[in-house]
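Novice: Attaching a single structure in structure tokens format; questions to follow.
No value in this document is a laboratory result; all are computed from the given coordinates. Everything quoted here is computed from the prediction, not taken from an experiment. Cβ: placed from backbone, ideal geometry, glycine included. Neighbour counts: every protein chain shown.
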């Protein structure tokens, strides 16, 4: 037997209550709860017959990719959690492969938030660093973000959606320092050290704090920059 979909029949089963107004959960023996249960059961049954029933849980692939993409674009988990009205721990869990299903409502909320933030780059260097270390790509890298077989495409993963030089983007806090080569790290140190607006001159400690790296790594970058500067001075004197 083949069933056809009635265009006038669109039951919204997700909004149907399980119980009456006097009980938060279904209570056996309550005639109002029994009436609400019958309405919900009959509505879901009709939705399945007409082919309009939507399951409560959906694959979490699209939601995880959207949250990962927002992190790659500089949106920290705490900010996203506040926008979605959930705990920050949930955002971190939803980005991992351990979560295979998510409620349809949360999936819709995440997709809606991604649309609103699509043209607004974030300011969190830490979020970009986490995304880079985990291999997460921006949302724009997906053609069909909800397709589990989809492969992201990036013309150049080091220059995504921004024609400016990568050192300028890192200096402005709009890209991760982990994307830079050794030569670009030296150039970053020089640009940072020569900034006339920088009032604190405590060297690698401030550099490490600003770019979310260890003091040891910052000192190595500073030493490489000083060595390169000394080598250029010797070459000029020899000439």
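Novice: Listing 41, 207 from the residue with the fewest other Cβ atoms within 10 Å to the one with the most, what is the order?
Specialist: Fewest to most other Cβ atoms nearby, the residues stand as 41, 207.
Novice: Mind checking the alpha-carbon convex hull of the stretch 58-141 and giving the volume per residue in Å³?
Specialist: 81
Novice: Computed FRET efficiency, Cβ-Cβ of residue 216 and residue 140, R0 45 Å: what is it to the nearest 0.05?
Specialist: It comes out at approximately 0.80.
Novice: A further question on this structure: Where does each of 33, 88 land when they are ranked from fewest to most other beta-carbon atoms within 10 angstrom?
Specialist: Numbers: 33 20, 88 14.
Ordered from fewest to most neighbouring Cβ atoms within 10 Å, 33, 88 come out as 88, 33.
Novice: Can you order the peptides 73-80, 165-172 by their average number of other Cβ atoms within 10 Å per residue, highest first? Each step should come with its number before you reach the end.
Specialist: Details: 73-80: 21.6, 165-172: 17.9.
Order by mean packing, descending: 73-80, 165-172.
Novice: Could you work out the relative contact order of the stretch 58-141? I mean the mean sequence separation of Cα pairs under 8 Å and 6+ apart, divided by the number of residues, in percent.
Specialist: 52
Novice: Please report how far the C-alpha centroid of the stretch 166-186 lies from that of the stretch 76-155, rounded to the nearest whole angstrom.
Specialist: So the separation of the two Cα centres works out to 23 Å.
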